[in-house]
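Reviewing the structure listed below.
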Amino acid sequence: MTNADSPKRPIKTAVRVFELVQIVQDLESATFTEISEHVDMAESTLHDYLTTLTHLGYFVNEGRQYSLSLRFLDHGIAARDTFSICSKSRDTLKQLAEESGAAVWLTVEQSGKVVYLAQELGENSIETHERLGKHEFMNCLASGKVMLAFSSDEHIANVVETHGLPQQTPESITSRDELQKELAEIREQGYAVNHNETAQGVSAVAAPIVVDDDIRGALAIAAPHARIENDEYRQQLIELVTTGSNEIELRLAYE
């Protein structure tokens, strides 16, 4: 699903609160002065917001540095646990990480973006910019493209209209014609490949998780681009990820 229509009368206070949450998250840790440089708000009003959010336990103020509290972790875990696919996928993720030696991700779509829901790391996993809970544009990821490929044309159009086709690297898909062509190929072969499209040096393969014609998520294995460009290794990952997605589909359908 894409973002809901904008409310006719947005609650400005709520908008301000989440604007501050995003600013503090982006800055990681910031002083009052640093936060004030990123928001158009009177200092007295900003002080009231920060004091209130700290009192409610959503911000931590230590050494005059504001940061997000672990209260958000509690909310995040509670939100993740509403997805049954998460518990049904744990064994498969561990097995694939062990067999591939790479990073294995379970992703879902929410509001027209890919969300990293669960992860297992193999012994040869590489450090990337991805993390649990992160939201990414669908056109740049193997998991995003494979979920789009098995979605309706109307949904694909809504995602593109809402988020566009941002360019993360020179290899990212940035035109609708190119996207439609690749989605058709993915639909035919049953898996997707990301060739350096989100971050230079990192690529991935992904397979959809579909139950009763409903796309529930995607399973992806990420590895160094040079390794995935090797035909034999890429084929090995494709077999692992498609077999793994089938296992998860069976658990979702029958357990």
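Annotations for the structure displayed:
- The residue among 100, 230, 252 whose Cα reaches farthest toward the positive pole of the charge dipole of the chain, with charges on the beta-carbon of Lys, Arg, Asp and Glu, is 252.
- FRET E, pair residue 79, residue 47, Förster distance 25 Å, beta-carbon r, rounded to 0.05: 0.25
- The accessible surface of the stretch 113-230, taken with every protein chain in place and a 1.4 Å probe, is 43 percent carbon and sulfur.
- Carbon + sulfur, % of accessible area of the stretch 12-99 - ligands and nucleic acids excluded, 1.4 Å: 52
- For the chain, the Cα-based Rg and Dmax, in that order, read 20.1, 62 Å.
- Along the chain, counting only trypsin sites (Lys or Arg not before Pro) with a DSSP assignment other than H, G, I, E or B and at most 12 other Cβ atoms inside a 10 Å radius, the longest segment between sites is 135-255.
- Label zone (residue 180, point 7 Å along Cα-to-C-beta; backbone nitrogen cut-off 12 Å) within the stretch 119-162: 153-154, 157.
- Accessible area per residue for the chain, computed on protein heavy atoms with a 1.4 Å probe, is 55 Å².
- With the simple model of a label 7 Å out from the Cα in the direction of the Cβ, residue 162 to residue 243 spans 3.6 nm.
- Area projected by the alpha carbon convex hull of the stretch 1-117, averaged over all directions, nm²: 10.1
- Computed from the C-beta positions of residue 254 and residue 86 and an R0 of 25 Å, the FRET efficiency is 0.90 to the nearest 0.05.
- GluC sites (Glu not before Pro) restricted to the stretch 60-168 and DSSP loop, no more than 14 other C-beta within 10 Å: 123, 127
- Distance from the alpha carbon centroid of the stretch 148-205 to that of the stretch 217-255 works out to 17 angstrom.
- Under 17 Å from the Cα of residue 145 - lysines, other chains or at least 8 residues apart: 113, 134, 181
The values are calculated or read from the model by the stated rules, or taken from the named source; none is laboratory data. Remember, it's a predicted structure, so these values are computed and weren't measured experimentally. Note: ideal-geometry Cβ built from the backbone for every residue, glycine included; neighbour counts use all protein chains shown. With ligands, DNA and RNA removed, areas are computed over all heavy atoms of the protein, side chains included. Shrake-Rupley method; radii C 1.70, N 1.55, O 1.52, S 1.80 Å.
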